[in-house]
Amino acid sequence: MPKPTQIVINTSPLLALIAGLGDLAILGELYETVFVTYEVGQEILTGGKLGFGIAEFEQAKSLQRLDKPLQIMPFLLNSLDLGEASVIQLSLNLGIATVCIDEAIGRRIARLNSLK
């Protein structure tokens, strides 16, 4: 099975990588292109109470950040939070087969849409 070269990633996995490794450099080593939707970017840039992960996210050179919100299918918006819905929508729009989502319902909906 060939190794995927592109991925669309959600907020929690990005923050988990920052927490565990201190940065997001590993993504550039694993994938040629790492897409981050506008919606996911906004979730990170709001930073919560402590502003965790903002600096590392902004410094990550390997991320392909979208600068506009996506038009997301109502089914996805009704079933998932905005970040997960945007990850699946972008994957479907661009024909990218691999997503990184931490929530079980998001992974299930991704599989139902033939995403890995």
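The values are calculated or read from the model by the stated rules, or taken from the named source; none is laboratory data. All values reported here derive from a predicted model rather than from experimental measurement. Positions of Cβ are generated from backbone atoms using ideal geometry, with glycine treated the same way; all protein chains shown enter the neighbour counts. Note: accessible area is taken over every heavy atom of the protein model, side chains too, but ligands, DNA and RNA are not part of it. Shrake-Rupley method; radii C 1.70, N 1.55, O 1.52, S 1.80 Å.
Please work out how much accessible surface Val87 shows to a 1.4 Å probe, ignoring ligands, DNA and RNA, in Å² rounded to 10.
Here the residue's solvent-accessible area equals roughly 0 Å².
Need the full-extension length gain, Ala97 to Thr5, defined as separation in residues times 0.36 nm minus the C-alpha distance. One decimal, nm.
Details: separation 92, 0.36 × 92 = 33.12 nm, distance 0.97 nm.
Roughly 32.1 nm would be gained on extension.
Taking GluC sites (Glu not before Pro) that fall in a DSSP loop and have at most 15 other Cβ atoms within 10 Å as cut points, what is the longest piece of the chain between them?
Result, exposed sites excluded: 33-102.
Taking the Cα centre of the chain as origin, work out the dipole magnitude from +1 charges on Lys and Arg Cβ and -1 charges on Asp and Glu Cβ, in debye rounded to 20.
The calculated dipole for the chain is roughly 320 debye.
Would you pull out the residues with amide H under 5 Å of Val36's amide H, same chain only if 5 or more places away, H placed 1.01 Å from N?
Gln64, Arg65, Leu66
For the chain, report the accessible area per residue in Å² (1.4 Å probe, heavy atoms, rounded to an integer).
Counting only protein heavy atoms, the per-residue value for the chain is 57 Å².
Treat each spin label as a single point 7 Å out from the Cα along the C-beta direction, and report the Lys61 to Glu29 distance in nm.
1.6
Counting alpha carbon pairs within less than 8 Å and at least 6 residues apart, what relative contact order, in whole percent, applies to the chain?
Values: 165 pairs, mean separation 37.9, N = 116.
Computed over the chain, the figure is 33 percent.
Pop out the carbon and sulfur fraction of the accessible area of segment 1-91 as a percent, whole number, probe 1.4 Å. If you can, show how the numbers build up before the last one.
On the way: 2840 of 5070 Å².
It is 56 percent, rounded to a whole number.
Can you tally the net charge around Gly53? Count Lys and Arg as +1, Asp and Glu as -1, for every other residue whose Cβ sits under 11 Å from the Cβ of Gly53.
So the surrounding residues net to -4.
Please state the equivalent ellipsoid semi-axes for the chain: what are the square roots of 5 times the Cα gyration tensor eigenvalues, largest first, in whole Å?
Taking √(5λ) for each Cα gyration eigenvalue gives 21, 17, 12 Å.
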